[in-house]
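These notes concern the structure reproduced below.
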Amino acid sequence: MTTKIRIVIRSFDHPFENLWGLPPYTRKIGLPESRVLYTVLRSPHIDKKSREQFEMEIKKQFLVIKAETHELRKKFFWLKRQRIFGAQFEILFSCKTRSDKVKLQRLLR
């Protein structure tokens with residue numbers, strides 16, 4: 001049984017270079033970045049033309065790792081131990097059949 005482990009990483013910085021130990025067959029897919037601009041008045045009473053602008057950039061990356069059943073637990077715990085500071089990540093597993101999904105749930109308990 002081959003299972004795909006899909007990881008979506010969202011970050012304000014660029015922590016994607018810090019992912020060491022990835023298998024060589026890992027696919028890295030860059031997702032579009034989002035950018036939000038905030039404009040704030042410097043003084044609320046006078047000088048409306050005096051403003052400050054702040055921006056927030058969110059970078060995204062999508063990783064796909066294929067794993068066999070016997071090495072799936074090891075890869076899952078490796079992913080949990082990865083320290084990606086300043087980033088959120090979401091781990092998704094996909095199987096071909098429902099019986100594979102039940103086996104996967106039993107394995108990861």
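Considering only alpha-carbon pairs that sit under 8 angstrom and 6 or more positions apart, the relative contact order computed for the range 20-109 is 26 percent.
Each of PHE12, ILE29, VAL102 was placed along the dipole of the chain (beta-carbon charges, centred on the mean Cα), and the one lying farthest toward the positive end is VAL102.
If you fit an axis through the alpha-carbon atoms of helix 98-107 and take the longest principal axis of the Cα set of the chain, what angle between them do you get, 0 to 90°, nearest 10? Orientation of helix 98-107: about 80 degrees from the principal axis. Taking each residue as 0.36 nm, the span from LYS101 to SER50 lengthens on full extension beyond its C-alpha to C-alpha distance by 12.5 nm. The share of accessible area on the chain that comes from carbon and sulfur is 53 percent, using a 1.4 angstrom probe.
Between helix 69-81 and the chain there is an angle of about 30 degrees, using the helix long axis and the longest principal axis of the Cα atoms. Couplings 3J(HN,Hα) of the range 23-39, computed from phi: x, x, 8, 6, 8, 10, 10, x, 9, x, 7, 10, 9, 10, 9, 10, 10 Hz, in residue order, whole Hz [Karplus 6.51 cos²θ - 1.76 cosθ + 1.60, θ = phi - 60°; x for Gly and Pro]. Looking at the chain, the accessible area is 77 square angstrom per residue; that uses a 1.4 Å probe and ignores ligands, DNA and RNA. Give me the Kirkwood hydrodynamic radius of the range 27-72 in Å, from all C-alpha pairs, to one decimal place? Radius from the Kirkwood sum: 14.6 Å. Close amide H partners of LYS66, meaning residues 5 or more places away or on another chain with modelled amide H under 5 Å apart, are ILE5. On full extension, the segment bounded by ARG73 and ILE91 gains 5.1 nm, given 0.36 nm per residue less the C-alpha separation.
Computed from the C-beta positions of ARG35 and ARG83 and an R0 of 25 Å, the FRET efficiency is 0.40 to the nearest 0.05.
The values are calculated or read from the model by the stated rules, or taken from the named source; none is laboratory data. Remember, predicted model here, so these are calculated numbers, not experimental data. Cβ coordinates were reconstructed from backbone atoms using ideal geometry, including for glycine residues, and neighbour counts include every protein chain displayed. The protein model used for the area step is the full one, side chains on, heavy atoms only, and it has no ligands, DNA or RNA in it. Shrake-Rupley method; radii C 1.70, N 1.55, O 1.52, S 1.80 Å.
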